[in-house]
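The values are calculated or read from the model by the stated rules, or taken from the named source; none is laboratory data. Bear in mind the structure is a predicted one, so any value in this text is a computation, not a measurement. Cβ placement follows ideal geometry from the backbone for every residue including glycine, while neighbour counts extend to all protein chains displayed.
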Amino acid sequence: MKKIICFGDTITEMGTVVELRGYVAQLADRYVRRADVLARGFSGYTTRDARRVLKAAVLSEKPDAVVLQFGGEDCVLPEQVQYVPLEEYADNLASMASDIACTGAWLVMVSPPPVNERLTHSRTLQNSARYLEACRAVADEMNVPIIDLFNGVQAIPDWEDTVMLNGIHLAAAGMDYLYEEVAKALDRLMPFSELEYLGLENT
């Protein structure tokens, strides 16, 4: 069976929550008997933290595909303890993307989400947009697909109230959107119809 790892911050950890229609849980359901979907979500982690656990959490598993989702914590304002400067964020992403690519695994990158400034004082839309562009630049340099969560979410009507859970995380509608985009991206790399289905015929 193929192995897909979703490696990310709080959004990925919350992606396992069935009640939230978590995107990781939906992927696991989609790929049942075709691929193992492993959740490697680390709430509160920045790319700085992620680099320290990349080998144990991801590389050691020898995945066929990795969904890399970080940036929502890095892009806090400078006075916040989790702040990672933009240049370091880009370097961390590039390093992890390169290490993953060297294993031969397919890679899909997910940008930081937008934020509802009415509900958070630790982040701003303008600053989050800068981290999106840094993420996009790394994806372009690596020639890997990127899911633009920042702009994609904002294109949904009333996104601040329907897609965001608490100003910085995804509600169920946001998880649905992310799942659909990840599934489409993975299909282009690893076509669903071509994956072996394990099980007895006609059962």
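At-a-glance table
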{"item": "First in region 82-93 and over 17 Å from F42 (Cα atoms) and at pLDDT 95 or above, second anywhere and in a helix (DSSP H, G or I) and of a type in the set (K, R), Cβ under 6 Å, 6 or more apart", "result": "L86/R130"}
{"item": "Condition broken by A57, with the remaining ones in (1) at positive phi; (2) touching a Phe, Trp or Tyr at 6+ places or on another chain (Cβ under 9 Å) satisfied", "result": "(1)"}
{"item": "Filtered residues of region 62-95 (kept if polar (S, T, N, Q), part of a helix (DSSP H, G or I) and crowded, with 17+ Cβ neighbours inside 10 Å)", "result": "N92"}
{"item": "Some residue of region 48-61 being under 19 Å from V144 (Cα atoms), charged (D, E, K, R) and either in contact (Cβ under 8 Å) with a residue 60 or more places away in the chain or touching a Leu at 6+ places or on another chain (Cβ under 8 Å) (or both)", "result": "no"}
{"item": "Residue match in region 167-180 (condition: among the acidic types (D, E) and under 15 Å from the mean Cα position of the chain (by Cα))", "result": "yes"}
{"item": "In region 8-61, the residues that are among the hydroxyl-bearing types (S, T, Y), crowded, with 20+ Cβ neighbours inside 10 Å and out of contact with any strand residue (DSSP E or B) (no Cβ under 7 Å at 6 or more places or on another chain)", "result": "Y23, Y45, T46, T47"}
{"item": "Verdict on R33 being touching a residue at least 60 places away in the same chain (Cβ under 8 Å), more than 26 Å from N166 (Cβ to Cβ) and of a type in the set (K, R)", "result": "yes"}
{"item": "Conditions (1) closer than 24 Å to R34 by Cα; (2) loosely packed, with under 13 Cβ neighbours inside 10 Å; (3) touching a residue at least 12 places away in the same chain (Cβ under 8 Å); (4) polar (S, T, N, Q): number failed by S193", "result": "(3)"}
{"item": "Residue match in region 60-74 (condition: touching an Asp or Glu at 6+ places or on another chain (Cβ under 7 Å), among the charged types (D, E, K, R) and modelled with pLDDT of 95 or more)", "result": "yes"}
{"item": "Residues (among the charged types (D, E, K, R) and either over 25 Å from V81 (Cα atoms) or in contact (Cβ under 8 Å) with a residue 12 or more places away in the chain (or both)) located in region 118-166", "result": "R118, R123, R130, R136, D140, E141, D148, D158, E160, D161"}
{"item": "Members of region 22-61 found to be acidic (D, E) and assigned to a helix (DSSP H, G or I), listed by number", "result": "D29, D49, E61"}
{"item": "Meets criteria (within 21 Å of D176 (Cα to Cα), assigned to a loop (DSSP other than H, G, I, E, B) and polar (S, T, N, Q)) for T16", "result": "yes"}
{"item": "Those residues of region 130-141 which are surrounded by fewer than 17 Cβ atoms within 10 Å (Cβ to Cβ) and either hydrophobic (A, V, I, L, M, F, W, C) or touching a Leu at 6+ places or on another chain (Cβ under 8 Å) (or both), in sequence order", "result": "R130, A137"}
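Matching residues to (1) exposed (fewer than 15 other Cβ atoms within 10 Å of the Cβ); (2) at pLDDT 95 or above; (3) over 20 Å from L20 (Cβ atoms):
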site: N166; (1), (2), (3): yes, no, no
site: G174; (1), (2), (3): no, yes, no
site: A183; (1), (2), (3): no, yes, no
site: L189; (1), (2), (3): yes, yes, yes
site: L198; (1), (2), (3): yes, no, yes
